[in-house]
Every structure is written in C-alpha cells, then in structure tokens.
C-alpha cells in the first residue's frame, strides 16, 4: 500500500510521562560491543498502550516494540536498544540524532518528510474515525458534524493536524482541545462530556472499550486513510534503512507481523 499523500504524521492518541535514561538494558549494549554489531537506538513510547510501553518488569513491550524486535532478530549486523519518551519528545530526539530511528505509529506528514526519512513498508493501518459517546446522543460521521463541539487531540499528532487543516478552511467550526492525555484520560474526557469527540483508529477505540468497559462509537467511515511507518533521522545510514525495509517486508510476507497484530491489537490490522 502506498503512503498516504494526505497524512500528517502519526499519532497516537495516547501520551505519557517521560522516563529518563530508559533503554533495553546494558546487556544489549555489551553484546553489541562484543559481537561487533552496530547499535541502533530506537525512539518509542513509555505508556502508549498497546503500541509501546514499559511492562511490570520495566522492559519495553507493545506492538511497535515487538515489530522492531522481530526486525532485530533478522539483522544480525545490528542490535537495537530503546529510548522511551512521550510522542513529541520522541520526534525531538529523532531530529536531534539522539536516536537513529523511531517506532511510534508514524503516519506520513509532508512537514516531517522534510526532516526525516520514512520507511517504505507500512506495518499497521491507521485509518482515523471520529469517536464519541453514543449515550450523549450523537455519533459523528464527518468534521462537518462537529460544528460547535469540543474535540480532543493529542498535541503534535496526525489527528491534531487534520483537525487544524479543517479549521483553517472552516474557522471556528469547532473548538480543538489539545493535551497529552493517556488512554484513561481520553476516555474520561469523552464520557464525562468535557469534550464531545476525539479522533482515533478503530482498534484503538476497541481497546478503550475493552479496557474501561465503555461503549464508545465511531462513524461508519474514516475521515482519513493512512498507514503507519518506521521513521529514521537523516543521518541514519541508507544501507541500514534498506535492510530494515527488506526485513519488514519479509516479516509481513511470512505472517509474523499479522501474528503480532493479532496478539497486541486483537485483530489483523496489517496493510496489504
């Protein structure tokens, strides 16, 4: 599937607290030094369930993390360590070369294409829907339906950007509420009426409903179609980027990525 030319950069409607000094551990670094493998620092999330988070043992886990670990197993000339942060900080770390690549549900964004290098292989569908609480009486199908409403979007995400684009063409149509809310806070904002709606992919909404025993609803069709890709800084060696693209394509072909999607996302959300 081709990258969406309408995308603005991935987003994940979750954000968390930055945990300083986190990585996959000194053992990985030592083994890299012993084997001669090149260490690759990967920026990802700390509390972005189910994509990237720290488990009860303080180890990185989640769909994006598992995808990167599967690539790591195929690329014996490299070893991967993780650096966790919230969504905006991960992008800042990538831009400043503190990390070599990032895995955090990144959709294509024209502005970011100027700053970074996108991988060629999409590994999860990120079609965006308008999310609301049907108990409040309304399920929204389009941005036009949101006239006069409050809409939450996590700062610096694709969802925030697409809402901003609509508001540029329709000034004052609705109020855009920015934040760095985690999953529970987003759900609470919607169900309490603090906001009328938010923006998310279907499997994220399913995750919220299952996790918090809610009944949030989405429109019948997405307001935006896109996939998510790995992201690299411009200093990253092209040979490595090519190797990652090849490994990820092979992992899609042999069914590994589908298995990870079913494990972490409770369904097959892998782009064709």
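Gyration tensor over the Cα atoms of the stretch 173-272: the corresponding equivalent ellipsoid has semi-axes (square roots of 5 times the eigenvalues, largest first) of 32, 18, 13 Å. Model label sites at residue 206 and residue 263, defined 7 Å from Cα along the beta-carbon direction, differ in position by 1.8 nm.
As a rough guide to protection, the peptides 135-145, 225-235, 54-64 ranked by mean Cβ packing within 10 Å, highest first, stand as 225-235, 54-64, 135-145. Taking 4 °C and 1.567 mPa s as conditions, the stretch 56-96 diffuses translationally at an estimated 110 µm²/s according to Stokes-Einstein applied to its Kirkwood radius (Cα pairs).
Put simply, when 113-123, 169-179, 213-223 are sorted by average Cβ atoms within 10 angstrom per residue, most first, you get 113-123, 213-223, 169-179.
Fully extending the segment from residue 185 to residue 142, taken as 0.36 nm per residue of separation minus the present Cα-Cα distance, adds 13.1 nm.
Label-to-label distance for residue 194 and residue 225 is 3.5 nm, based on points extended 7 Å past Cα in the beta-carbon direction. Between the stretch 109-155 and the stretch 229-272, the alpha-carbon centres lie 22 Å apart.
Figure the gain on full extension for residue 73 and residue 113 (residue separation times 0.36 nm, minus the Cα-Cα span) and round it to one decimal in nm. Using 0.36 nm per residue and subtracting the Cα-Cα distance, I get 11.6 nm.
Computed on the Cα atoms alone, the convex hull of the stretch 217-272 gives a volume of 123 cubic angstrom per residue.
Once the Kirkwood radius over Cα pairs is known for the chain, the Stokes-Einstein relation at 4 °C and 1.567 mPa s delivers a diffusion coefficient of 69 µm²/s.
Which value results for Rg/Rh of the stretch 129-218 when Rg is the Cα radius of gyration and Rh the Kirkwood radius based on the inverse mean 1/r? A ratio of 0.93.
Taking all Cα pairs closer than 8 Å and separated by 6 or more residues, the relative contact order of the chain comes to 28 percent.
Note on residue 254 and residue 175: their simple-model spin labels are 5.3 nm apart, each label 7 Å out from Cα toward Cβ.
Computed from the coordinates by the stated procedures, all read-outs in this text should not be read as laboratory data. Quantities reported herein were computed from a predicted structural model and do not represent experimental measurements. Cβ atoms come from the backbone with ideal geometry, glycine included; neighbour counts cover every protein chain shown.
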